[in-house]
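Shown next, in structure tokens, is the structure this report addresses.
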Amino acid sequence: MNVHSAVDSPVLTGTTLRRLAFANRFSVAPMTRISATAEGVPTERMVRYYERFAKGGFSLLTTEGIYTDKAYAQTYRGQPGLTDPEQAEGWKTAVGAVHAAGGRIFAQLMHGGALAQGNRFRSDTVGPSSLQPRGQQMVSYHGEGLYAVPREMDEVDIAEAISGFAQAARLAIDVAGFDGIEIHGANGYLLDQFFTDYTNRRQDRWGGDIGKRLNLSLAVLEAVRGAVGNAVPVGIRLSQGKVNDLKHKWTEGEEGAAVVFKAVAESSADFVHLTEFEAWQPAFSDDGKSLVALARQHAPDLFVIANGGLHELTRAEQVLEAGADMIALGRGALTNPDWPRIAAEKREARPLQLEMLAPISDIKDTELRY
């Protein structure tokens with residue numbers, strides 16, 4: 001990456017979200033690293049992993065997906081949770097380390113639904129409809145073979161899932177001390193399963209057109225806001241692609257995107273975090289707008305975080321120009337946990353090296369030495 005244009009880069013300017021002030025527009029995207037204990041408690045290795053991003057100058061970190069209940073939420077073996085005081089105290093240590101290094105950190109709350117492949121609490125899975133997920137379980141997260149056919153959730157299941165998000169959010173803020181909450185509504189997990197046309201065949205209030213399929217995500221947003229109050233930012237991550245269907249597009253196109261972003265803007269959400277393979281590309285037709293630009297158009301007052309191939313400064317600047325408020329780096333941050341300092345000092349970044357994600361995507365000793 002050439003960073004010789006970094007001197008006046010808008011990515012290095014400050015911004016604010018609700019009451020939080022950020023020194024720059026760089027954040028770390030959520031990345032599943034399955035390095036918690038078997039009981040879902042964050043480890044010292046995880047504390048060091050998150051701390052180094054804050055030391056490297058990232059103004060905001062978003063955690064890997066954290067499971068929200070001791071029923072159907074856990075997705076992967078080694079995934080951390082926020083379901084009891086022990087897990088929350090483990091996160092408190094990580095949050096404290098990030099704060100001491102000058103960073104802010106949001107908890108990403110996640111329910112795996114039909115994509116669960118390592119849940120220690122249940123041997124079966126649930127989803128919006130009893131349809132087998134596409135693709136195969138993720139080998140790098142200890143998966144093997146096809147996904148199980150989920151049981152269709154009833155109203156009791158749905159209420160329990162919503163309650164799990166709210167209770168986990170309360171632990172995240174009141175005990176662990178996180179600075180905000182991101183609800184994982186993306187990448188094929190439970191909320192995205194309800195949102196997606198081909199995984200949600202329901203005829204009740206949780207199914208139907210694209211606006212109605214968003215209802216569960218909106219209900220979780222409201223429950224979380226009710227649990228944590230108005231003092232901290234709450235938002236949601238949305239995507240088109242999924243871990244088991246990378247090239248999926250919203251079939252309703254730009255018209256559907258307008259419905260979605262207007263609905264999120266009318267909710268109590270403070271931000272939306274959009275992840276695409278390449279965030280600057282047209283979301284639907286070859287000559288159309290990017291998902292970031294559509295969000296800015298239809299939700300002009302919403303804080304927008306953009307993720308997807310933005311580890312080159314010119315691309316990051318392009319997406320800011322299109323309407324993003326903050327850039328989230330995934331792969332680029334793994335190899336360059338000090339990416340903001342590299343950009344500010346006009347140094348050359350390390351080339352992307354993703355060996356740490358194989359054969360299992362847990363945190364490696366080699367990356368902690370960066």
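The values are calculated or read from the model by the stated rules, or taken from the named source; none is laboratory data. Please read these numbers as outputs of a predicted model, since none were measured by experiment. Glycine also receives a Cβ, built like all others from the backbone with ideal geometry; neighbour counts cover every protein chain displayed. Accessible surface areas use protein heavy atoms only, side chains included; no ligands, DNA or RNA. Shrake-Rupley method; radii C 1.70, N 1.55, O 1.52, S 1.80 Å.
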Discussion item. Pairs needed: first member in segment 249-270, among the β-branched types (Val, Ile, Thr); second member anywhere, part of a helix (DSSP H, G or I) and buried (at least 17 other Cβ atoms within 10 Å of the Cβ); C-beta distance under 6 Å; at least 6 residues apart or different chains.
Written reply: Val259/Ile210
Discussion item. Out of the helices (runs of 4 or more DSSP H) lying entirely within segment 302-370, which hold 1 or more residues that are in contact with a strand residue (DSSP E or B) (Cβ under 7 Å, 6 or more places away or on another chain)?
Written reply: 313-322, 331-335, 339-344
Worksheet item: Is there a residue in segment 114-134 that is outside any strand (DSSP E or B), within 17 Å of the chain's Cα centre (by Cα) and either buried (at least 20 other Cβ atoms within 10 Å of the Cβ) or free of Cβ contacts under 8 Å to residues at least 60 places away in the same chain (or both)?
Response: yes
Worksheet item: Trp339 is checked against (1) over 19 Å from Met31 (Cα atoms); (2) open to solvent by less than 10 Å² (accessible area, probe 1.4 Å); (3) hydrophobic (A, V, I, L, M, F, W, C) and fails just one. What number does that condition carry?
Response: (1)
Practice prompt. Please state which of the following conditions Ile66 fails to meet, knowing it meets all the rest: (1) within 15 Å of the chain's Cα centre (by Cα); (2) over 23 Å from Gly308 (Cα atoms).
Written response: (2)
Worksheet item: Wholly within segment 1-92, which strands (runs of 3 or more DSSP E) include no fewer than the required count, namely at least 1 residues that are modelled with pLDDT of 95 or more and within 21 Å of Val220 (Cα to Cα)?
Response: 15-17, 60-67
Worksheet item: Condition test on Lys364, is it open to solvent by 20 Å² or more (accessible area, probe 1.4 Å), closer than 30 Å to Ala219 by Cα and not aromatic (Phe, Trp, Tyr)?
Response: no
Item to complete: Could you check how many residues of segment 359-369 are within 21 Å of the chain's Cα centre (by Cα) and of a type in the set (A, V, I, L, M)?
Response: 2
Worksheet item: Which of the residues belonging to segment 301-325 are more than 22 Å from Gly241 (Cβ to Cβ) and either free of Cβ contacts under 8 Å to residues at least 40 places away in the same chain or surrounded by fewer than 18 Cβ atoms within 10 Å (Cβ to Cβ) (or both)?
Response: Asp301, Thr314, Glu321
Discussion item. Take Arg104 and tell me if it is open to solvent by 20 Å² or more (accessible area, probe 1.4 Å) and modelled with pLDDT under 95.
Written reply: no
Discussion item. Any residue at all in segment 278-285 that's closer than 21 Å to Leu131 by Cβ, part of a loop (DSSP other than H, G, I, E, B) and of a type in the set (Phe, Trp, Tyr)?
Written reply: no
Discussion item. I want to confirm something. Restricting to segment 269-300 and keeping residues that are within 19 Å of the chain's Cα centre (by Cα) and exposed (fewer than 15 other Cβ atoms within 10 Å of the Cβ), which single residue is nearest to Leu313 (Cα to Cα)?
Written reply: Glu278
Discussion item. Which of the numbered conditions does Ile181 fail, given that it passes all the others? Conditions: (1) surrounded by fewer than 24 Cβ atoms within 10 Å (Cβ to Cβ); (2) on the phi < 0 side of the Ramachandran plot; (3) not in a helix (DSSP H, G or I).
Written reply: (1)
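Scan segment 144-171 for residues that are part of a loop (DSSP other than H, G, I, E, B), crowded, with 17+ Cβ neighbours inside 10 Å and small (Gly, Ala, Ser) and jot them down.
Keep residues of segment 144-171 that are part of a loop (DSSP other than H, G, I, E, B), which gives 144-145, 147-150, 153-154.
Subset that is crowded, with 17+ Cβ neighbours inside 10 Å: 147-148, 150, 153.
Once the filter is applied, which keeps residues that are part of a loop (DSSP other than H, G, I, E, B), crowded, with 17+ Cβ neighbours inside 10 Å and small (Gly, Ala, Ser), segment 144-171 yields only Ala148.
I'm checking my understanding of the structure. Among residues of segment 184-204 that are in a helix (DSSP H, G or I) and not hydrophobic (A, V, I, L, M, F, W, C), which one is farthest from Val220 (Cα to Cα)?
To start, the set of residues in segment 184-204 that are in a helix (DSSP H, G or I) comprises 190-195.
After this cut, where a residue has to be not hydrophobic (A, V, I, L, M, F, W, C) as well, the list is 192-193.
Working: Asp192: 12, Gln193: 14 Å.
Step by step, filter segment 184-204, then rank; the result is Gln193.
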Practice prompt. Just need a number here: residues in segment 232-263 that are touching a helix residue (DSSP H, G or I) at 6+ places or on another chain (Cβ under 8 Å) and not polar (S, T, N, Q).
Written response: 17
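Tell me, please, whether a residue that is of a type in the set (Lys, Arg), more than 20 Å from the chain's Cα centre (by Cα) and either buried (at least 24 other Cβ atoms within 10 Å of the Cβ) or part of a loop (DSSP other than H, G, I, E, B) (or both) can be found in segment 205-213.
Residues of segment 205-213 that are of a type in the set (Lys, Arg), as a first pass: 205, 212-213.
Still in the list and also more than 20 Å from the chain's Cα centre (by Cα): 205, 212.
Imposing the further condition that a residue be either buried (at least 24 other Cβ atoms within 10 Å of the Cβ) or part of a loop (DSSP other than H, G, I, E, B) (or both) reduces the set to 205.
Within segment 205-213, one or more residues are of a type in the set (Lys, Arg), more than 20 Å from the chain's Cα centre (by Cα) and either buried (at least 24 other Cβ atoms within 10 Å of the Cβ) or part of a loop (DSSP other than H, G, I, E, B) (or both).
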Discussion item. Go through segment 251-297 and report how many residues are hydroxyl-bearing (Ser, Thr, Tyr) and farther than 25 Å from Ser27 by Cα.
Written reply: 2
